[in-house]
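S.K.: Have a look at this one.
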Amino acid sequence: MKLRIGKRGSLGRGNKKIRWKLIILVVLIVATLAGGIFTYWNYHKEQLAKSEKTLIETKTLAYATDLDDSKSTLTSTEAVVHYLTNWAKTKGVKCTSDDYGNVIMDVKASKAYKKAKPTLLICNYGTDNFEGSIAPMALSLYLVKNNSETGRLRVIFTDNTGNNAEGIKSIDKDYVKGNYNIICVNGNGNNFWSTKTGSGSTYKFTKKYTTVKPTGNKAIRIYMRELPGGIPALLSSYSNPIKELSNQLASFKTNAYIYELADFHGGSNGKTLLGEASTTIVIDENDYQKFTDKLDRFVTKFLDKKQEKYPDVEVGYEEVKVPKKVIKSADADEFVSVLYTLLDGVYYKDNDDNIVSTTNIGKVYENNGVYTALACANSLDDASLDEIDTAYKTLCGLSNIKFEKTGRQKSWSVDEESTLPAEIADAFHEFSGKDLEFTETPASSIASYVSGYNKKADIICVNLNNDRLGRYTGTILTFLKNQEHKTNLAQAAL
């Protein structure tokens, strides 16, 4: 029996067809596997990113919660310094402090990041409104403890109580000098990254007065308290209790409600938004009902409009003991008039409705027969600031009030296309998936001082509250990880 195999070579051609089919099949299998692996890897990366974001948000919130729980004890610079130095000791972080409320923490670079440019984080805190310091401090503490695999990091916690920058103005400049990327971290306002902060002026208005015996026989104290406070130029609107109460006193005069002014007090300094103010007036007992009716309308109107924004605010009045002395009518009228007319709030906006210049009356107090009001102004435009200087001086002259300009702070700016802002923007997008838009703010910042101490440093400013705590912390951590480094330990050892 013979086996027929066909023509010569036909079996070889059949094998080739089978071989090509096998090759195509293998390619398809490999492509399918590769696609699956790639899909799995992308999914795995996404899950890791989500996990990292959740971890950062959870841990930063824990730091913020601990600070919030401790805020009742952190009412002095000494207490904050003790809290921070004790925290550093328990975490094994190198730390030192000075006599001006500055606490300096240092973390060494990891092996892989020895060639990375070091980063200096300067975190503001204030004991007058510690609530606004919580988010910046929580961000900074997290980065100190969780950047062991990045470059060298120095964090300076600096006392900025009253927005006076006393800590950074008094610090040993060697702590700030060096080839740093510098990030200035602020609170007490909205959330934004800034490439320009404004210049500022501070003012003092004084009025001598004479006291006389009151003619009235009933006294009423009108008060506003538990407003949140903060930095004036960081908020687009704010109910200043000094202005609210002086407006009410002016309304009494306009409507022929006769009163005598016994006192007017409020605020802690001229550069921050005050949280409280009060004034005491003496009236005739026969006018008591009409005064209280008008005050009831004042309280109701304010709470109807503002209580949702300021849920903790207290506005009201109470009968008090008649004081032995009141301010002479002519002196009181001049002082109330100047409080009523002095600039306070947004001074100028540009054509795009962006705030350019702001003003703020921050404190009123009495001492040795002299009433004093303290105020400040901030502006992205020096010409506007000069206008405000002139306006304050003119208004005081018309009211027989002594005017004094007590200080001036320079503005600060950086090109947002320069290296540090560009790298921060990349890190922001990498971490959040969103594009970063930089803001110019009229509020003055410590960056103006820092840039004077270290003229070669790259600087940027960030302002935050708890709403963006996790995102902004993750942005800075991503920025730190993106600095020059070796990709594995073998390379790092070279």
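The values are calculated or read from the model by the stated rules, or taken from the named source; none is laboratory data. In this text, all values refer to a predicted model and were calculated from it rather than measured experimentally. Counting neighbours? That spans all protein chains shown, and the Cβs are built from the backbone with ideal geometry, glycine included. In case anyone asks, the SASA skips ligands and DNA or RNA and just uses the protein heavy atoms, side chains included. Shrake-Rupley method; radii C 1.70, N 1.55, O 1.52, S 1.80 Å.
S.K.: Pairs only if they're at least six apart or on different chains, beta carbon under 8 angstrom, first in the range 346-364 and farther than 26 Å from ASN269 by Cα, second open to solvent by 80 Å² or more (accessible area, probe 1.4 Å) and at pLDDT 90 or above; list them, first residue then second.
M.R.: Matching pairs, first to second residue: ASN354/GLU440.
S.K.: Considering each of THR211, THR127, THR202 in turn, give the residue that is among the hydroxyl-bearing types (Ser, Thr, Tyr), more than 19 Å from TYR453 (Cβ to Cβ) and open to solvent by 40 Å² or more (accessible area, probe 1.4 Å).
M.R.: Values: THR127 fails: open to solvent by 40 Å² or more (accessible area, probe 1.4 Å); THR202 fails: open to solvent by 40 Å² or more (accessible area, probe 1.4 Å).
THR211 is the lone residue from the list that is among the hydroxyl-bearing types (Ser, Thr, Tyr), more than 19 Å from TYR453 (Cβ to Cβ) and open to solvent by 40 Å² or more (accessible area, probe 1.4 Å).
S.K.: Right, next: Under the condition of being open to solvent by 100 Å² or more (accessible area, probe 1.4 Å) and within 21 Å of the chain's Cα centre (by Cα), which residue from the range 398-419 is nearest to GLU437 (Cα to Cα)?
M.R.: LYS410
S.K.: Within the range 191-233, take every residue that is over 20 Å from the mean Cα position of the chain (by Cα) and of a type in the set (Val, Ile, Thr) and give me the one that is farthest from ASP415 (Cα to Cα).
M.R.: In the first step, residues of the range 191-233 are kept if they are over 20 Å from the mean Cα position of the chain (by Cα); the result is 203-225.
Applying the additional criterion that residues be of a type in the set (Val, Ile, Thr) yields 206, 210-212, 215, 220, 222.
On the way: THR206: 41, THR210: 54, THR211: 56, VAL212: 59, THR215: 63, ILE220: 55, ILE222: 49 Å.
Going through the qualifying residues, I end up with THR215.
S.K.: Now for a separate question. Scan the range 147-186 for residues that are open to solvent by 10 Å² or more (accessible area, probe 1.4 Å), part of a loop (DSSP other than H, G, I, E, B) and under 18 Å from VAL80 (Cα atoms) and jot them down.
M.R.: Correct list: ASN160, ASN164.
S.K.: In the range 354-373, how many residues are open to solvent by 20 Å² or more (accessible area, probe 1.4 Å), assigned to a strand (DSSP E or B) and touching a Lys or Arg at 6+ places or on another chain (Cβ under 7 Å)? Before the answer, list the steps.
M.R.: So the first thing to find is which residues in the range 354-373 are open to solvent by 20 Å² or more (accessible area, probe 1.4 Å), and the list is 354-355, 363, 365-370.
Still in the list and also assigned to a strand (DSSP E or B): 355, 363, 365-367, 370.
Then keep just the ones that are touching a Lys or Arg at 6+ places or on another chain (Cβ under 7 Å); that gives 355, 370.
Count: 2.
S.K.: I've got another one for you. Collect the residues in the range 51-70 that are surrounded by 14 or more Cβ atoms within 10 Å (Cβ to Cβ) and either assigned to a loop (DSSP other than H, G, I, E, B) or of a type in the set (D, E, K, R) (or both), keeping them in residue-number order.
M.R.: Matches in the range 51-70: GLU52, LYS53, GLU57, LYS59, ASP66, ASP68.
Yes or no, residue by residue, for (1) in a helix (DSSP H, G or I); (2) touching a residue at least 12 places away in the same chain (Cβ under 8 Å); (3) of a type in the set (Ser, Thr, Tyr):
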{"site": "ILE258", "(1), (2), (3)": "no, yes, no"}
{"site": "PHE264", "(1), (2), (3)": "no, yes, no"}
{"site": "ASN269", "(1), (2), (3)": "no, yes, no"}
{"site": "THR279", "(1), (2), (3)": "no, yes, yes"}
{"site": "VAL282", "(1), (2), (3)": "no, yes, no"}
{"site": "ASN286", "(1), (2), (3)": "yes, no, no"}
{"site": "ASP293", "(1), (2), (3)": "yes, no, no"}
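Conditions tested, residue by residue: (1) within 27 Å of SER451 (Cβ to Cβ); (2) of a type in the set (A, V, I, L, M, F, W, C); (3) touching a helix residue (DSSP H, G or I) at 6+ places or on another chain (Cβ under 6 Å); (4) at pLDDT 95 or above.
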site	(1), (2), (3), (4)
ALA332	no, yes, no, no
GLU366	no, no, no, no
ASP382	yes, no, no, no
CYS396	no, yes, no, no
ILE401	no, yes, yes, no
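S.K.: For VAL346, work out the one condition from (1) in a strand (DSSP E or B); (2) at pLDDT below 95; (3) touching a helix residue (DSSP H, G or I) at 6+ places or on another chain (Cβ under 7 Å) it doesn't fulfil.
M.R.: That leaves (3) as the condition not met.
S.K.: While we're looking at this one, here's another question. Checking the condition in contact with a Cys (Cβ under 7 Å, 6 or more places away or on another chain) and surrounded by 15 or more Cβ atoms within 10 Å (Cβ to Cβ), which residue from VAL346, VAL338 passes?
M.R.: On the way: VAL346 fails: in contact with a Cys (Cβ under 7 Å, 6 or more places away or on another chain).
Step by step, each of VAL346, VAL338 is checked, and only VAL338 is in contact with a Cys (Cβ under 7 Å, 6 or more places away or on another chain) and surrounded by 15 or more Cβ atoms within 10 Å (Cβ to Cβ).
S.K.: Quick check on this structure: which one of LEU274, LEU245, LEU249, LEU303 is free of Cβ contacts under 8 Å to residues at least 40 places away in the same chain and open to solvent by less than 20 Å² (accessible area, probe 1.4 Å)? Don't jump to the end; show me each part of the working.
M.R.: Working: LEU274 fails: free of Cβ contacts under 8 Å to residues at least 40 places away in the same chain; LEU249 fails: free of Cβ contacts under 8 Å to residues at least 40 places away in the same chain; LEU303 fails: open to solvent by less than 20 Å² (accessible area, probe 1.4 Å).
The match here is LEU245.
S.K.: Hey, any hits in the range 478-490 for a residue that's under 25 Å from ASN102 (Cα atoms), open to solvent by 20 Å² or more (accessible area, probe 1.4 Å) and of a type outside the set (Gly, Ala, Ser)?
M.R.: no
S.K.: Being open to solvent by 30 Å² or more (accessible area, probe 1.4 Å), more than 15 Å from LEU469 (Cα to Cα) and in a loop (DSSP other than H, G, I, E, B) is true for just one of ALA116, ALA109. Which residue is that?
M.R.: Details: ALA116 fails: open to solvent by 30 Å² or more (accessible area, probe 1.4 Å).
Being open to solvent by 30 Å² or more (accessible area, probe 1.4 Å), more than 15 Å from LEU469 (Cα to Cα) and in a loop (DSSP other than H, G, I, E, B) holds for just one of ALA116, ALA109, which is ALA109.
S.K.: Please enumerate the residues belonging to the range 345-371 that are under 19 Å from ASN164 (Cα atoms) and either more than 28 Å from the chain's Cα centre (by Cα) or of a type in the set (D, E, K, R) (or both).
M.R.: Correct list: LYS363 only.
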